[in-house]
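The values are calculated or read from the model by the stated rules, or taken from the named source; none is laboratory data. Quick caveat: nothing in here was measured; it's all calculated off a predicted structure. Here the Cβ positions follow ideal geometry from the backbone for every residue, glycine too, while neighbour counts run over all protein chains shown.
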Amino acid sequence: IQSPSSGKSSGTLSSGDAAILRFLAAAEIIETDIWQQYNELGGVQDQEVPGGSGSEAYTEALEVLDEDMPQYIHDNTDDEFSHFRFINAYLLSRGAEPVNLARFATLPSSKATGAQQIGRLTNLMQVTVDTTWWTRYRTDAKNPDLDPGFQFPHAIPSLSQGQFPAIPRSDDDLTPNDHIQAIANTAAFHFAFIEQGGTRLYPSLAQRVNDPEVLRILLSIGPTETAHFQIWHDTAGNAPPLTDPTNPDLVFPDLNAPPLGGELYTTSLIMPEPCPFLSRKFPRCSIVRPTQTEGAAKRAVQALTADGLFIGQPQEFFDLLQQLAAEADAARRAKA
């Protein structure tokens, strides 16, 4: 990995464009590791997305939210594999260095029946899920790009206040019913958290790209992340209200009932509410938010780290992610 962008070319790509693609490749590799674990236990295991043999109790708990959850998980997994493979292949085709994080795939797998016993990049057994995306897309008065100090409320506050499994850690997690359902509910909100991150990352970094073909890549992959997010936003709203019987600190409230409900919480309000954009002198507009480009890659690393995904990784892993992010954030669009 080269040092932060200095304006020199990497093959036929500018160093900045190569840095942006390398960071996105790393992000997609991390996403793939996440989704592969979800698919092994709760998705569809087939030739297209092999690995694992499924967990019946976990899958059934996911299907409480939507009967098509296993297929959605499978297809999201397949998409993420395609993203990182394409970006790495494209980097090579342009004489730039691809990204390989395989040496960091050392975290333990779930011990639940159905999971492969292989090394992982990410930890899905101690997640701390930020659910402010729920209210961020429902408010018409605030935009994080214009209101960086505003604290959007969490849809599920308890998910931000501890570490919780999003997959069964072992077969002991399969009972009682409300416990495995709490794990499935956690996963549902985590799915949306991951995909809203991709939804905002691609347009944020696209503003720094120079090569029209690289811009085309970002503009073509980014909307698929939004398609994923919209599915998971919808299904998360079907999470049944409950308190985890093994951990009373984990509470899923009824988002449609007082004191919640209304514009900020009602589960059917999944379309992005028009909000201020660029300046409050303009009419409100329905948009992806935030899309501020300054520090976008660094913020993505911070969000994934705060999520607990990298618990157990060595400092070398964090140093590499921070370096990749710094290089991407240092990229600049050439002035005409």
- Query: Among G162, G119, G114, G95, which is the only one that is without any contact (Cβ under 8 Å) to a residue 40 or more places away in the chain and either in contact with a Cys (Cβ under 8 Å, 6 or more places away or on another chain) or of a type outside the set (K, R) (or both)?
  - Reply: G119
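Here is a yes/no grid of residues against (1) among the aliphatic types (A, V, I, L, M); (2) at pLDDT 95 or above; (3) outside any loop (DSSP other than H, G, I, E, B); (4) closer than 22 Å to D68 by Cβ:
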| residue | (1), (2), (3), (4) |
| --- | --- |
| L218 | yes, yes, yes, no |
| T224 | no, yes, yes, yes |
| I231 | yes, yes, yes, yes |
| T235 | no, yes, yes, yes |
| T246 | no, yes, no, no |
| P258 | no, yes, no, no |
| L264 | yes, yes, yes, no |
| S268 | no, yes, no, yes |
- Q302 versus (1) within 16 Å of the chain's Cα centre (by Cα); (2) surrounded by 15 or more Cβ atoms within 10 Å (Cβ to Cβ): which is the lone unmet condition? (2)
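Which of the residues that make up region 288-311 are of a type in the set (D, E, K, R) and free of Cβ contacts under 8 Å to residues at least 60 places away in the same chain? Don't jump to the end; show me each part of the working.
Quick first cut of region 288-311, residues of a type in the set (D, E, K, R) only: 289, 294, 298-299, 307.
The answer is E294, K298, R299.
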- Task: Report yes if A227 is of a type in the set (A, V, I, L, M, F, W, C) and under 17 Å from F191 (Cβ atoms), otherwise no.
- Result: yes
- Message: With the structure loaded, tell me whether R138 is over 25 Å from I180 (Cβ atoms), without any contact (Cβ under 8 Å) to a residue 24 or more places away in the chain and touching a helix residue (DSSP H, G or I) at 6+ places or on another chain (Cβ under 9 Å) or whether it fails that test.
- Response: no
- State the number of residues belonging to region 143-172 that are in contact with a Lys or Arg (Cβ under 8 Å, 6 or more places away or on another chain) and farther than 28 Å from G114 by Cα. 6
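Among the residues of region 76-85, are any assigned to a loop (DSSP other than H, G, I, E, B), among the polar types (S, T, N, Q) and farther than 26 Å from P314 by Cα?
The answer is no, given that none of the residues of region 76-85 is assigned to a loop (DSSP other than H, G, I, E, B), among the polar types (S, T, N, Q) and farther than 26 Å from P314 by Cα.
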- Message: I'd like the full set of residues that are in a helix (DSSP H, G or I) and exposed (fewer than 15 other Cβ atoms within 10 Å of the Cβ), limited to region 305-322.
- Response: A306, Q315, E316, F318, D319
- Message: Conditions first: (1) over 20 Å from the mean Cα position of the chain (by Cα); (2) within 18 Å of A61 (Cβ to Cβ); (3) among the aromatic types (F, W, Y). F150 passes all but one, so which condition is the exception?
- Response: (2)
- Message: Of the conditions (1) part of a helix (DSSP H, G or I); (2) in contact with a strand residue (DSSP E or B) (Cβ under 7 Å, 6 or more places away or on another chain); (3) crowded, with 21+ Cβ neighbours inside 10 Å; (4) not hydroxyl-bearing (S, T, Y), N143 satisfies every one except a single condition; which number is it?
- Response: (1)
- Given the residues A296, A325, A331, which is the only one that is buried (at least 20 other Cβ atoms within 10 Å of the Cβ), touching a Gly at 6+ places or on another chain (Cβ under 6 Å), farther than 24 Å from E63 by Cα and not polar (S, T, N, Q)? A331
